[in-house]
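Okay, structure first, notes after.
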2 protein chains.
Amino acid sequence: MSFEENIRKVVPYTPGEQPQRKVIKLNTNECPYPPSEKVTRALREFDTELLRKYPDPECSGLVGAIADYYKVGKEKVFVGVGSDDVLSMCFLTFFAGKKPVLFPDITYSFYDVWANVYGIPFETIALDEDFNIRAEDYKKENGGIVIANPNAPTGVEEPLSKIEEIISSSPDSIVIVDEAYADFGENTAISLVDKYKNLVVTRTMSKSRALAGMRIGYAFADERLIKYLNDVKFSVNSYTMNMPSLIAGREAILDDEYFKEIRDKVVATREWTKAELKKLGFSFRDSKTNFIFATHESEQAERIYEVLKEKDVYVRYFNKPRLSDYLRISIGTDEEMKELVSLLKNILKR
Amino acid sequence: MSFEENIRKVVPYTPGEQPQRKVIKLNTNECPYPPSEKVTRALREFDTELLRKYPDPECSGLVGAIADYYKVGKEKVFVGVGSDDVLSMCFLTFFAGKKPVLFPDITYSFYDVWANVYGIPFETIALDEDFNIRAEDYKKENGGIVIANPNAPTGVEEPLSKIEEIISSSPDSIVIVDEAYADFGENTAISLVDKYKNLVVTRTMSKSRALAGMRIGYAFADERLIKYLNDVKFSVNSYTMNMPSLIAGREAILDDEYFKEIRDKVVATREWTKAELKKLGFSFRDSKTNFIFATHESEQAERIYEVLKEKDVYVRYFNKPRLSDYLRISIGTDEEMKELVSLLKNILKR
């Protein structure tokens, strides 16, 4: 008899390493460019005396800016402490049934962690050999579906028609489309939110808006689902978003010009990197994200990861089935990627 | 058949009103003084370019400052997005058993909300007629115990001996002592953390350190409990604290002189307000918090609340059994409390 038996014991998600030394950091899909100067200015001008008060629990300023930008009603917008907080709240809110929630075997590795912590039954569905989703695999009884599009860590983007097929074939389940990387891709399911009452689309400002350190995520869904989500959020923590995050998120959304500038730079660098990696004997699916998930024709991924780390270049290596031959390489600045390519040339020469 | 049956339906906590107009705001126990100038300076000097990166998931700088200040090992410290986040994580982590968790019938009204959202069985134990806890009532089979000390909304502080009696009599349960208001009182259970392996003490920077808008809470417990708590936290969101909150929290802890100055001012104003309220026919238990929970000898609490609100003075009224004759009045500046007293004189004259 002990309090041990009342304790929820879980295996947590392992985030990428955050070395405190100065390194070339291509392991957590951060943006290589700083956030908008408008974010900086607003934070500098923020009256810190206000910090003595609680922030706006409705997050109205941020929600309004997101709603306007995406031309969606503000009653269809939810915000949280990064898309991890948004997704966690979605799992807690929408997957309270007994049937298994479905998601791919290779995808964001937090999904099964959330399922475990909240006691949600789940079943993983294997991607095909090219890391593609087969929509027909999801046409079975389920308590919910989660699809990352583009997917991580593969970088593969599925056509919207396939995503819609999955949403429409499970009208009695909530389908979450996790679009953390969609800004670097070509399509989005946000336009489907008006059409499907069972759809939730989640986004983050951590990657394409260079605000990982501020923790801002958001979601779009039918008003009814947003209401349920807010009821759970207000049952966990009334004030999740602090004042600086509300201010920074709003400014980041408003500065569309800068957003497009840095996104386009990341995409251009990605395309250059793809060409260089190919020349070095790497192969990969055509990434639509800010990272490339690559395997080499002869050298072991783990060895490349280790040698790069010795040289202070951090990429992500997953020692898991189907992934252990691959490296996930975030897109940095042109200079960082040139340095990476140069190091890889040396490693692969030996 | 519909996705409705998979949805977790809950009745959320209702936070105090946050009027956007300029009012005398005595309804959410905020600090009437601004945060430390060192907080302001650190936020102004913060290099916003860093925001492109994820924050330190271990929150080392903040955890280290708290550990040093309280002379507790850093492996015994946990931090979160306000003490609400810390308490929510504690409920999720420590109350996963089947026996009911015990807490007073009159206490922080978030406890039953967390129990409901996480499906935790609970039982409320009536305070005595003077709003005091009876330690013997907690000497029964339970899956955990939560005690706010000083209690809210009553303002009553129990002696540490009574708290220790509760902790020691349930060694097979986790006992959480919620010390959100302890900085305004006279005792703390932090010193007991080394003695009892089943104790968790939670704190917040929202009240006594004037940082409600930044969302910073923390907890002390045996290393083993902190490890379980971190496993659950890292199963929900790896990065809950953003960079500004990590910086602000550290500076607020380091500026002990300013902390003591504003805390002492709040306590002095509270004592002045008590004397004035007594003259006006109010009675209340001797508050050891930054609010007074008062009932009037003849006038209805709800009417006073309504009339004050019309005059742009917000206090908190709970329309609940045993509470509906009371007002919870946060301690503002001397000027605000003088204005309140003057308005009350007018209201009570009629």
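The values are calculated or read from the model by the stated rules, or taken from the named source; none is laboratory data. Remember, predicted model here, so these are calculated numbers, not experimental data. Positions of Cβ are backbone-derived with ideal geometry, glycine not excepted, and every protein chain shown enters the neighbour counts. Note: accessible area is taken over every heavy atom of the protein model, side chains too, but ligands, DNA and RNA are not part of it. Shrake-Rupley method; radii C 1.70, N 1.55, O 1.52, S 1.80 Å.
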Taking the dipole of the protein assembly as shown about the Cα centre (Lys, Arg +1; Asp, Glu -1; charges at Cβ), the one of B:187, B:103, B:33 that reaches farthest to the positive side is B:33
Put a point 7 Å out from Cα along the line to Cβ at residue A:75; what are the distances to that point in the other copies, in nm, shortest first? 5.3
Simple label model, 7 Å out from Cα along Cβ direction - residue A:74 to residue A:140, nm: 4.4
Computed label-point distance, nm, for sites residue A:320 and residue A:129 using a 7 Å Cα→Cβ extension: 2.3
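With N residues in the stretch B:72-180, what two-decimal value do you get for its Cα radius of gyration over 2.2 N^0.38 Å?
Scaled against compact globular proteins, the figure is 1.02.
Would you kindly work out the equivalent ellipsoid of the stretch B:254-350 from its C-alpha gyration tensor and give its semi-axes, the square roots of five times the eigenvalues, largest first in whole Å? Display every interim value, and only then the final one.
Details: eigenvalues 121, 42, 31 Å².
Working through the eigenvalues yields semi-axes of 25, 14, 12 Å.
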Averaging over every viewing direction, what projected area does the convex hull of the Cα atoms of the stretch A:156-209 cover, in nm²? 3.7
Can you list the aspartates and glutamates whose alpha carbon is less than 19 Å from that of residue A:311, not counting same-chain residues fewer than 8 positions off? A:17, A:299, A:302, A:334, A:335, A:336, A:339
Taking the Cα centre of each part, how many Å lie between the stretch B:64-95 and the stretch A:138-190? 37
Given contacts defined as C-alpha pairs under 8 Å and at least six residues apart, what's the relative contact order of the stretch A:77-156, whole-number percent? 35
Plugging the Cβ-Cβ distance of residue B:160 and residue A:197 into 1/(1 + (r/R0)^6) at R0 = 60 Å yields, to the nearest 0.05, a FRET efficiency of 0.65
Could you tell me the extents of the stretch B:56-129's C-alpha atoms along the three principal axes, largest first, rounded to whole Å? 40, 29, 19
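Only bridges whose two residues both fall in chain B count here: according to DSSP, what percent of them are antiparallel, nearest 5? Don't skip to the end; give the middle numbers.
Values: 18 of 35 bridges.
Of those bridges, close to 50 percent are antiparallel.
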Binning at 10 Å from 0, report for the protein assembly as shown what percent of all alpha-carbon pair distances ends up in each bin. 3, 15, 24, 25, 19, 10, 4, 1, 0, 0
How much of the accessible area of the stretch A:27-88, in percent, comes from carbon and sulfur atoms when a 1.4 Å probe is used? 46
Amide hydrogen neighbours beyond the local backbone of residue B:125, cut-off 5 Å, H modeled: B:103, B:105
With x for Gly and Pro, the residue-by-residue ³J(HN,Hα) of the stretch B:246-254, computed from phi through the Karplus equation 6.51 cos²θ - 1.76 cosθ + 1.60 at θ = phi - 60° and given in whole Hz, is 5, 5, 5, x, 5, 5, 4, 5, 5
Residues of the stretch A:57-99 losing 50 Å² or more of accessible area relative to the isolated chain, 1.4 Å probe, heavy atoms only? A:92
Provide the per-residue ³J(HN,Hα) series for the stretch A:121-129, in order, calculated from phi with Karplus coefficients 6.51, -1.76, 1.60 and θ = phi - 60°, each as a whole number of Hz, with x at glycine and proline positions. x, 8, 9, 8, 10, 5, 5, 6, 5
Give the calculated FRET efficiency between residue A:333 and residue A:311 to the nearest 0.05, with a Förster radius of 25 Å applied to their Cβ-Cβ distance. 0.90
How long is chain A along each principal axis, judged by its Cα atoms, biggest number first, in Å? 58, 53, 53
Axis carrying B onto A: which residue of B has the nearest Cβ, and how far, whole Å? B:244, 2
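Rounded to the nearest 20 debye, what is the charge dipole size of the stretch A:73-126 about its Cα centre when +1 sits on each Lys and Arg Cβ and -1 on each Asp and Glu Cβ? Let's see the in-between values first.
On the way: 4 positive and 6 negative charges, 51 e Å.
Once rounded to the nearest 20, the dipole reads 240 debye.
Take the alpha-carbon positions of the stretch B:6-107, form their convex hull, and give its projected area averaged over all directions (one quarter of the hull surface) in nm².
Taking a quarter of the hull surface, the average projection is 12.1 nm².
I'd like the GluC sites (Glu not before Pro) in the stretch B:102-188 restricted to DSSP loop residues with at most 11 other Cβ atoms within 10 Å, sorted by number. Please report the intermediate quantities before stating the final value.
Numbers: sites: B:123, B:129, B:136, B:141, B:157, B:164, B:165, B:179, B:186; in loops: B:129, B:141, B:157, B:179, B:186.
When the GluC sites (Glu not before Pro) of the stretch B:102-188 are filtered for loop state and at most 11 Cβ neighbours within 10 Å, B:129, B:141, B:186 remain.
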Derived scalar couplings ³J(HN,Hα) [the stretch A:43-58; Karplus, 6.51 cos²θ - 1.76 cosθ + 1.60; whole Hz; x for Gly, Pro]: 5, 5, 7, 4, 7, 5, 4, 5, 4, 5, 9, 5, x, 5, x, 7
Computed Kirkwood radius, in angstrom, where 1/r is averaged over Cα pairs of the stretch A:111-174: 12.7
Hey, which of these cross-link pairs are over 25 Å Cα-Cα: A:227/B:309; A:99/A:162; A:22/A:345; B:9/B:227; A:233/B:22; A:9/A:76? A:227/B:309; B:9/B:227; A:233/B:22; A:9/A:76
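What order do B:280, A:87 take when sorted by accessible area (1.4 Å probe), most exposed first? Walk me through the intermediate numbers first.
On the way: B:280 30, A:87 0 Å².
Highest to lowest solvent-accessible surface, that is B:280, A:87.
Just round it to a whole percent: the fraction of Cα-Cα distances in the stretch B:164-269 exceeding 22 Å. Walk me through the intermediate numbers first.
Values: 2286 of 5565 pairs.
Across the stretch B:164-269, Cα pairs with separations above 22 Å total 41 percent.
Can you put A:220, A:3, B:122 in order of accessible area, largest first, using a 1.4 Å probe?
Details: A:220 0, A:3 25, B:122 70 Å².
From most exposed to least exposed: B:122, A:3, A:220.
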Length-normalised contact order for the stretch A:3-88 - Cα pairs under 8 Å, 6+ apart - percent: 12
